[in-house]
Amino acid sequence: MSSGLVALVIVIALIVVVALGSGILYDSRRRRLRRRFGPEYDRLVGERDSRLKAQAELAAREKRVKGLDIRPLTPAARTRYTQEWSSIQERFVDEPAQAVADAQRLVMAVMSDRGYPTERNDQVLADLSVEHANTLDHYRAAASISQQAAEGAASTESLRQAMIHYRALFQDLLGAPGEQITEPQIPEQHIASRQAPEQQVQGPRVDEPPVTGQQAREHGAGAGAAEVPPRQS
């Protein structure tokens, strides 16, 4: 075999090795990013219509967040925020729109406390996607309903869903990595009595003491109120 042919074979072999190595590295990077970003990876690939562009953007997000001072909450802060969330949930039955606005404010406060910039919504989404990709769609849905609520176009059921979505991200932000915090519960009571019949929706529930006939007479007899029988357990 001539020296020229040997050199050609070596060059071809090197090209094959480099190609295989590049393919392995690409596949490894793809799997790592997909594992880390979950559904956000597929969403961005579809949005950018290019895997390479999406992967480059996700890698840039990782680099940016790595440079931020992201820190876990102190136990005292987690306790304080959990108590505030419970208080907001309890107000949902009487003031659903205000409760959702307060839930959004609380989530942003937790983000800020942990070191996330909160000035630009698009950047908030990008930053959250690095460590909280699995709850990012919850935030998107909740923020959309919050916008509807601000315009007076959100139903009570939509507001209830917003609370559930905000709760998912709230829990994710509140717990230290690998830590499972106790899930705050949204009550599940019909609030139809506070709405016109055509607007009745399923809302949160709160436990209320039964109203006795004596209490009804004491508080409503003067206005001709009928006796209300005790609620059956």
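No value in this document is a laboratory result; all are computed from the given coordinates. Note that the structure is predicted; figures quoted are calculated from it, not measured. Backbone-built Cβ (ideal geometry, glycine too); neighbour counts: all protein chains shown.
Quick rundown of the values:
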| quantity | calculated |
| --- | --- |
| Computed lengthening from ASN134 to ASP122, 0.36 nm per intervening residue step minus Cα-Cα distance | 2.6 nm |
| Fully extended contour minus Cα-Cα distance, from ASP49 to GLU157, at 0.36 nm per residue | 35.4 nm |
| ³J(HN,Hα) computed for each position of the range 131-148 - Karplus, 6.51 cos²θ - 1.76 cosθ + 1.60, integer Hz, glycine/proline x | 10, 9, 4, 5, 10, 5, 5, 4, 5, 4, 5, 5, 5, 5, 5, 4, 5, 4 |
| Pair GLN148, ARG36: separation of 7 Å Cα→Cβ label points (nm) | 3.4 nm |
| Segment GLU84-SER112, length gained on full extension (0.36 nm per residue, minus Cα span) | 8.5 nm |
